[in-house]
Amino acid sequence: MLDADIPGVLAIEQASFPDPWTEGHFLDELGRSDRTWKVAVEGERLVGYGGVMVVEAEAHLMDIAVVADMRGHGVGRTLLWDLAADALAAGSVRMTLEVAATNKTALRFYRSAGFDVAGRRPAYYPSGDDALLLWSRPLAPHVSAMRAADERRDLILAIESSCDETAASVMRGGSEELSSVVASQVDFHSRFGGVVPEIASRKHTEAIVGVVDQALESAGVTFADLDAIAVTAGPGLVGALVVGLAYAKGAACVTGLPLIGVNHLEGHIYAARLLDPDLEPPLVALLVSGGHTMLVSVPEWGRYEVLGGTLDDAAGEAFDKVAKLLGLGYPGGPVISRLAAEGDPQAIPFPRPMLRTDDLDVSLSGLKTAVIQYVERERREGRELRLNDIAASFQAAVTEVQVAKTLKAVRAHAASAVVLAGGVAANPALRESLRVALAAEGVPLSVPPFDLCTDNASMIAAAAHDALRAGRFLGLDADAIPGWRLGSGA
Ligand code: KG4
Ligand code: ZN
């Protein structure tokens, strides 16, 4: 910040704070040797500023402000980490700041940069509000990890435990997979016909240490080589998420490494980029798994808008329930798609719920009920079930609705490509129908290979790399977010 910046700074200051600083304050600040003030500029326009006071090992963050129409674009975060790098160079180890306990926006911002709440100062502000005292984690590993991410040579250990897979992966530069280990619990759940949350958390607890050790070992690295630790923070089963998160927090605490929380659904979308590094937004993603079914607009990497989704069952869940009804075991998707390959998709006219509605939502429970009623009728009337035809006809109904809604989303959002992700993306009929329908629109389809479609930690590492570059971290007081909606902050 130079003297000449002060008018621009004052305009933002006055619009941001009830008790703004004056020109004299800023001139005085700029004259002090223990202060660093920086401005953020877009084109010719000053869009933000911030300052830090270096007091030996501690750097006190005085202020960060961003012009109203540029908030939420990462300007504040860039200022924060630029100031942190300067403070580090001046000999500081950590950064500290106070924020009004009522200022939820600021609190969320600093937490999402990895600050922990260390204490409370009652009635600290003239308004009578309490101040919360926030501490950063040690600055050095965070700043060096962000630099390594910028040069695409960062080494991330990622952990995934949101459902019934315990997974760990080591990834360099967001795309070079050095190892990927997935321990599936599916055998323990299959006899119950679905994932049992209690069993899932117990199995994660048993597996996590071995899975991480194996991922590090087969990558040929140790904790000392890593730049960051990433973990799925949500959405998922709470008892399953906390196992991965607790392990990751422990490792981040002991090593001092930055901790990154990844949204599991964002991970599924990033899986496509691992094989297709040139994949560029605007994208539409169709996420179809055992727990989720949704259409997401991705205007740029890291930004998401959920366009629509299932009103009841997830696509994978529908496959699993129909398979259970037919006595085919769990998970149902793979068996049904195998049977369907030998069946007639037009044999039974199952309904296509919501096919023609204007929205981008789908509903699958009516279809499931129609299959149940059909099977009951056939059994009642003593006819042998034609499993291949039932599977093919059911799969055709699911596929037709998903394809129609995806096309609608592509047209509405002028997507340049579509990403198909989640476990149900392994379904050959869905892949092929979607590919053909999109080809007619001139839009390519990106589908990750099978082992990247189902839950794994490499997709979490890929998403974590971008979070690392942007300085989006978790504090060690972070909680699992079982209902984390894509597109809302951690
Ligand atoms: O993404 P995923 O591994 O776990 C969740 O996050 O849910 O997805 C698992 C789901 C299961 O419901 C499984 O039946 C389904 O994906 N699935 C399939 C196929 N392979 C797996 N569904 C349809 N066709 C398949 N070939
Ligand atoms: Zn998943």
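The values are calculated or read from the model by the stated rules, or taken from the named source; none is laboratory data. This is a predicted model, so every value here is computed, not measured. No Cβ is skipped: glycine too gets one built from the backbone with ideal geometry, and neighbour counts run over all protein chains shown. Just the protein is used for accessible areas: all its heavy atoms, side chains included, with ligands, DNA and RNA removed. Shrake-Rupley method; radii C 1.70, N 1.55, O 1.52, S 1.80 Å.
Structure data summary
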| read-out | value |
| --- | --- |
| Conditions (1) over 20 Å from G173 (Cβ atoms); (2) within 16 Å of the chain's Cα centre (by Cα); (3) surrounded by 24 or more Cβ atoms within 10 Å (Cβ to Cβ); number of the one not met by I260 | (1) |
| Residue among G267, G291, G244 that alone is at pLDDT below 95 and either open to solvent by 50 Å² or more (accessible area, probe 1.4 Å) or within 14 Å of ligand 2 (Cβ to nearest atom) (or both) | G291 |
| Qualifying residue in the range 307-315 (condition: within 23 Å of E160 (Cα to Cα), within 16 Å of ligand 2 (Cβ to nearest atom) and open to solvent by 40 Å² or more (accessible area, probe 1.4 Å)) | no |
| Subset of the range 438-462 [open to solvent by less than 20 Å² (accessible area, probe 1.4 Å), more than 15 Å from ligand 1 (Cβ to nearest atom) and small (G, A, S)] | S446, A461, A462 |
| Test set (1) more than 15 Å from ligand 1 (Cβ to nearest atom); (2) surrounded by 19 or more Cβ atoms within 10 Å (Cβ to Cβ) - A323 fails condition number | (1) |
| Qualifying positions in the range 155-179 - buried (at least 21 other Cβ atoms within 10 Å of the Cβ), away from ligand 1 (no atom under 13 Å from the Cβ) and farther than 20 Å from K249 by Cα | G174 |
| Restricting the range 412-437 to residues that are in a loop (DSSP other than H, G, I, E, B) and within 12 Å of ligand 1 (Cβ to nearest atom), the residue that is nearest to the chain's Cα centre (by Cα) | G422 |
| Criterion: within 14 Å of ligand 1 (Cβ to nearest atom), more than 30 Å from V298 (Cα to Cα), assigned by TED's automatic domain parsing to the domain that holds L307 and modelled with pLDDT of 95 or more - qualifying residue of A392, A397 | A392 |
| Strands (runs of 3 or more DSSP E) contained in the range 122-210 and holding at least 2 residues closer than 30 Å to A100 by Cα | 131-135 |
| Residue within the range 231-238 that is closer than 15 Å to E160 by Cβ, more than 23 Å from the chain's Cα centre (by Cα), of a type outside the set (S, T, Y) and not in a strand (DSSP E or B) present | no |
| Filter result (part of a loop (DSSP other than H, G, I, E, B) and acidic (D, E)) within the range 444-490 | D455, D477, D479 |
| Per-region count, the range 316-331, residues in contact with an Asp or Glu (Cβ under 8 Å, 6 or more places away or on another chain) and within 16 Å of ligand 2 (Cβ to nearest atom) | 2 |
| Tally of residues being more than 18 Å from F115 (Cβ to Cβ) and either open to solvent by 70 Å² or more (accessible area, probe 1.4 Å) or charged (D, E, K, R) (or both) across the range 44-62 | 3 |
| Residue list for the range 328-356, restricted to those being more than 29 Å from the chain's Cα centre (by Cα), surrounded by 15 or more Cβ atoms within 10 Å (Cβ to Cβ) and not in a loop (DSSP other than H, G, I, E, B) | V335, I336, L339, A340 |
| Total residues in the range 274-288, condition out of contact with any Phe, Trp or Tyr (no Cβ under 8 Å at 6 or more places or on another chain) and more than 14 Å from ligand 2 (Cβ to nearest atom) | 10 |
| Unmet requirement for G332, which otherwise passes all of (1) in contact with a Gly (Cβ under 9 Å, 6 or more places away or on another chain); (2) at pLDDT below 95; (3) more than 16 Å from ligand 1 (Cβ to nearest atom) | (3) |
